[in-house]
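The values are calculated or read from the model by the stated rules, or taken from the named source; none is laboratory data. This is a predicted model, so every value here is computed, not measured. Here the Cβ is made from the backbone with ideal geometry for all residues, glycine too, and neighbour counts use every protein chain on show.
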Amino acid sequence: MKLNISSRRQLFTAVLLILAVGGGLVRWLVPPPSLARDLGTLLLVLWLPIVGNIIGWLMGRARAPKVMPPGFSPDAAFVPSAWIELTLFPAAVPAESRPVPAGLFPCLVVLENEGFSARLQIPRDEVPVPEAPQPLQLEFVRPELALPKLLIAREFTLLSGRKPLGRGRLLDGPAV
């Protein structure tokens with residue numbers, strides 16, 4: 001997992017740490033009862049707000065997944081898990097209206113508060129259009145986890161990244 005830290009935050013952190021090191025040097029070199037030593041103490045305290053950033057960075061590194069989550073390998077054959085009827089949402093903004101590409105389409109099936117990684121097989125001659133239900137085949141990464149819950153809920157929301165793409169429902173019948 002890559003953490004994106006803005007360049008302004010990095011610059012701010014570096015400046016505060018440099019000032020803190022300078023304050024530490026002033027405290028070390030100047031005799032005790034003086035204004036310069038008090039200013040050195042003040043500069044030395046400037047590093048305290050950075051501690052939260054450093055701890056957050058370390059925690060992010062510690063929590064970063066060591067192994068990639070399971071997914072579809074690029075060369076894996078499509079093995080359908082279920083037949084679904086998908087109704088795409090109309091785009092609120094015309095610029096967001098993009099067709100779902102034909103072929104294998106990675107997506108996320110969301111049932112209430114659970115999500116399951118999947119991919120749709122979209123035939124080349126039947127690209128879905130908004131507000132028109134279309135039967136499609138769906139393959140789950142972990143069908144043994146997703147299908148029992150999908151059989152109970154029957155309806156789900158399909159996401160593409162973070163964007164809701166459409167509403168679907170499970171169709172009766174075999175997947176293949």
**Asked** What number of residues within the stretch 105-131 are aliphatic (A, V, I, L, M) and not in a strand (DSSP E or B)?
**Response** 2
**Residues that are within 22 Å of Ala77 (Cβ to Cβ) and of a type in the set (A, V, I, L, M), drawn from the stretch 128-149** = Leu136, Leu138, Val141, Leu145, Ala146, Leu147
**Item:** Members of the stretch 132-176 found to be under 15 Å from Pro80 (Cα atoms) and assigned to a loop (DSSP other than H, G, I, E, B), listed by number
**Value:** Val141, Arg142, Leu171, Asp172, Gly173, Pro174, Ala175, Val176
**Request:** List every residue pair whose Cβ atoms lie under 8 Å apart, where the two residues are 6 or more positions apart in sequence or sit on different chains, the first residue falls within the stretch 139-159 and is over 20 Å from Pro70 (Cα atoms), and the second residue, located anywhere, is in a helix (DSSP H, G or I).
**Result:** Phe156/Leu150
**Request:** Please indicate, with yes or no, whether at least one residue in the stretch 36-46 is surrounded by 15 or more Cβ atoms within 10 Å (Cβ to Cβ), modelled with pLDDT of 85 or more and outside any helix (DSSP H, G or I).
**Result:** no
**Asked** Since Val100 meets every condition but one in (1) under 25 Å from the mean Cα position of the chain (by Cα); (2) modelled with pLDDT under 80; (3) exposed (fewer than 15 other Cβ atoms within 10 Å of the Cβ), which condition does it not meet?
**Response** (3)
